[in-house]
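Below: the structure, in structure tokens.
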Amino acid sequence: MLFLSLALILYQGQTVSTEELFASASRALQSKDYVQAEVGFREVLRREPGNLGALGNLGVLYVRQNLPAKAVEIYQRALRLAPREPGLILNLGLAYMKLDAHAKAKPLFAQLSLQQSPRQQQALELLGICQLQTGDTASAVTTLEPLLAGPQASPGV
């Protein structure tokens, strides 16, 4: 649908702004129209290669399509532009976990767990999982035990 709309607008001689294209691609992603979302975000990136929103959403799209290796590539590209962005760090770690690459995810969650952000608790939980998956049981216990005492203890802990 996005492609058809975009084609009609271009045919009529009108240009679609990057912001409109991004919004349309985001709507396509929300409605699970992954083909059109990818077309839109790729066009945004053609116009603005450093657009973090388009990169992040492409990563989300690839994870949802069960293409974690493509997501890793996109998140790495985005992190070269914004190396301390918590959402990108978290999503790269999650993509690595989908690839069963817990050793690669572990330092990302460790880094994120040191940042004061709303994602800190989740990063600690994921760090503990990665520690367990890589055979570092003692560190996992050290990471996860304090989370049990916290007011927002996750049932997964």
query = Hey, any hits in segment 72-91 for a residue that's modelled with pLDDT of 95 or more, of a type in the set (Phe, Trp, Tyr) and farther than 28 Å from SER24 by Cβ?
reply = no
query = Which fully enclosed helices (runs of 4 or more DSSP H) of segment 43-157 have 1 or more residues being in contact with a Gly (Cβ under 6 Å, 6 or more places away or on another chain), hydroxyl-bearing (Ser, Thr, Tyr) and closer than 30 Å to GLU20 by Cα?
reply = 68-81
remark   = Filtering segment 17-66 down to residues that are closer than 21 Å to ARG80 by Cα, open to solvent by 40 Å² or more (accessible area, probe 1.4 Å) and of a type in the set (Gly, Ala, Ser) yields GLY50
message = Among the residues that make up segment 8-16, is at least one of them part of a helix (DSSP H, G or I) and either in contact with an Asp or Glu (Cβ under 8 Å, 6 or more places away or on another chain) or at pLDDT 95 or above (or both)?
response = no
Of all residues making up segment 98-140, the number that are over 26 Å from GLU73 (Cβ atoms) and open to solvent by less than 70 Å² (accessible area, probe 1.4 Å) = 8
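The values are calculated or read from the model by the stated rules, or taken from the named source; none is laboratory data. Note that this is a predicted model, so its numbers are computed, not measured. Glycine gets a Cβ as well: all are built from the backbone with ideal geometry, and neighbour counts include every protein chain shown. Side chains are part of the model used for accessible areas, which takes the heavy atoms of the whole protein and leaves out ligands, DNA and RNA. Shrake-Rupley method; radii C 1.70, N 1.55, O 1.52, S 1.80 Å.
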